[in-house]
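Written below as structure tokens is the structure these notes are about.
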Amino acid sequence: MKNILKYLLSFCVMLPLFSSCKGNMSKNETKNYSLQPGEKRIVIPIDDNTSCYSMSMFSYITPEGIPYLSYENEQTNELNFYRLDSCKLSHKIKIAMEGPDAVGRFIGHTVIDLDNILIFNQFKISKINKSGKILDKYDLITDTQMALAHPPTSKVYAPMILQDSSIYLYQALKFSDKHYNGDDLEKYPLCIKVNMQTKQTKTLPLTYPRLWEAKNENGIFTCSRDYDGTNFVYSFFISNSIHVTNDNKTFKEYPCKSRYINGSPKNHTAPDIKTIRKESIENASYGNIIYDKYRKVYYRFFQPSCEVSPNENITDLMKTGKKFSIMILDKDFKVIGETLFPENIYIPVMFFILKDGLYISDNNFQNPEFNENVLSFRRMDLIEL
């Protein structure tokens, strides 16, 4: 009897410890998430002069909470503004090619507000108002060289980041006969800062990470970059990791490998442009990274390897891609899910984020429901598994 009482007493003492361990285990368990097509769609009619495909489009929400889509129309050199609540055109801004407010051909923009918009044109940024009148200009020239800023588009998602009256862009590697090796990369400035008050442009201490070792070993250096309010996060298209900085001086590297790749993405080594274009669709590579501030997660797009058949249109596929997945990362940059999407339904480089979710174009040229007269976006719901 004594032994039984002893055992029961010991069990009662140990029980809270077991419960505590169990509670701690529950807290540390990794939750898994998926993105699933929801019921909601946003469908916006467009006129005959507007293309249903754009390389650069961004959502903007006014202080009053009205959501807009700013949409570059390459056909007319215009910036269209659509109301996302009423699904109607609000207004267009004609970007002048000639005259006192000439900006020329542009690619990439950022909306500060509806009457202050930054327009990117090669080696300069123009700030215009709602009427297209130039309010200010910023030359992308450093003290030592012409900065080679990457266009702030959404196809390769690298928007202009505005912080403390400055514009942050990332600098592309210069194309030349010289091939970069690991040492060259670590000496090449990655970030450009434009002070909107002093008009000074300079490169920051941050340099490219060591993406490869030997010269031309893997020369795909495209990357996407977004900002979460604290960190600049870079997704290099050939890297199984993401690179994070909060001071534009040094990186922290986080593993971020897709479940749909073996090894690392391959270099495009074809001798002619036609084959290179085909390989860019067929070869596995990472893509855009975007921050969802409403759900405090990042989405990293990935293109698994695939085959392009002879009857498929390469030009269309260069716009839409063929196969893609989206990885989901938590606030600590840990992968908490990945969703593979069906082919030929969506255009993964046409997207935006609203308070109720991530929207992706479902107006793929090969989609049986394709309609050239509309912009159509399907909401993707973030679901805990």
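The values are calculated or read from the model by the stated rules, or taken from the named source; none is laboratory data. Note that the structure is a prediction, hence the values are computed from the model and not measured. Neighbour counts are summed over all protein chains in view; Cβ atoms, including those assigned to glycine, are modelled from backbone coordinates with ideal geometry. Side chains included, ligands, DNA and RNA excluded: accessible areas come from the protein's heavy atoms. Shrake-Rupley method; radii C 1.70, N 1.55, O 1.52, S 1.80 Å.
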Revision key, fill the gap. Picking from 58, 11, 81, the residue that is in contact with a Pro (Cβ under 9 Å, 6 or more places away or on another chain), open to solvent by less than 100 Å² (accessible area, probe 1.4 Å) and either modelled with pLDDT under 95 or aromatic (Phe, Trp, Tyr) (or both) would be 58
Study note, to complete from the structure: Restricted to the range 225-256 and to residues being over 17 Å from the mean Cα position of the chain (by Cα) and not hydroxyl-bearing (Ser, Thr, Tyr), the residue farthest from residue 205 (Cα to Cα) is 255
**Study point:** Of the criteria (1) free of Cβ contacts under 8 Å to residues at least 60 places away in the same chain; (2) over 22 Å from the mean Cα position of the chain (by Cα), which one residue 110 fails
**Key:** (2)
Revision key, fill the gap. Here the residues within the range 277-291 that are crowded, with 20+ Cβ neighbours inside 10 Å and touching a helix residue (DSSP H, G or I) at 6+ places or on another chain (Cβ under 6 Å) are 281
Practice item. Determine, yes or no, whether residue 307 is surrounded by 15 or more Cβ atoms within 10 Å (Cβ to Cβ), touching an Asp or Glu at 6+ places or on another chain (Cβ under 8 Å) and at pLDDT below 95. Key: no
Practice item. Need at least 1 residues that are over 27 Å from residue 126 (Cβ atoms) per element, so show me which strands (runs of 3 or more DSSP E) inside the range 185-291 make the cut, counting only ones lying wholly within it. Key: 232-236, 241-245, 252-255
Revision key, fill the gap. Restricting attention to the range 61-78, the residues that are farther than 19 Å from residue 377 by Cα and at pLDDT 95 or above number exactly 7
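Quick one: in the range 352-385, which of the residues that are assigned to a loop (DSSP other than H, G, I, E, B), farther than 22 Å from residue 336 by Cα and of a type outside the set (S, T, N, Q) is least open to solvent (accessible area, probe 1.4 Å)?
362
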Point to revise | the range 212-247, subset in contact with a strand residue (DSSP E or B) (Cβ under 6 Å, 6 or more places away or on another chain) and without any contact (Cβ under 8 Å) to a residue 60 or more places away in the chain, residue nearest to residue 303 (Cα to Cα) | key: 237
Check your understanding: Given the conditions (1) over 26 Å from residue 328 (Cβ atoms); (2) buried (at least 21 other Cβ atoms within 10 Å of the Cβ); (3) of a type in the set (A, V, I, L, M), which single one is not true for residue 214?
Key -> (2)
Revision key, fill the gap. Residues in the range 147-167 that are open to solvent by less than 20 Å² (accessible area, probe 1.4 Å) and assigned to a strand (DSSP E or B) total 5
Practice item. Return only the number of the condition from (1) open to solvent by 10 Å² or more (accessible area, probe 1.4 Å); (2) touching a strand residue (DSSP E or B) at 6+ places or on another chain (Cβ under 6 Å); (3) within 25 Å of residue 95 (Cβ to Cβ); (4) modelled with pLDDT of 95 or more that residue 131 does not satisfy. Key: (2)
Practice item. Considering every residue within the range 330-337, establish whether at least one is touching a Phe, Trp or Tyr at 6+ places or on another chain (Cβ under 9 Å), closer than 30 Å to residue 66 by Cα and assigned to a strand (DSSP E or B). Key: no
Practice item. Report, ordered by the first and then the second residue, all pairs with beta carbons closer than 9 Å, sequence separation of six or more or different chains, a first member in the range 339-366 that is more than 16 Å from residue 155 (Cα to Cα), and a second member that is among the aromatic types (Phe, Trp, Tyr) and open to solvent by 50 Å² or more (accessible area, probe 1.4 Å). Key: 339/33; 340/260; 344/365; 354/294; 355/294; 356/294; 357/294
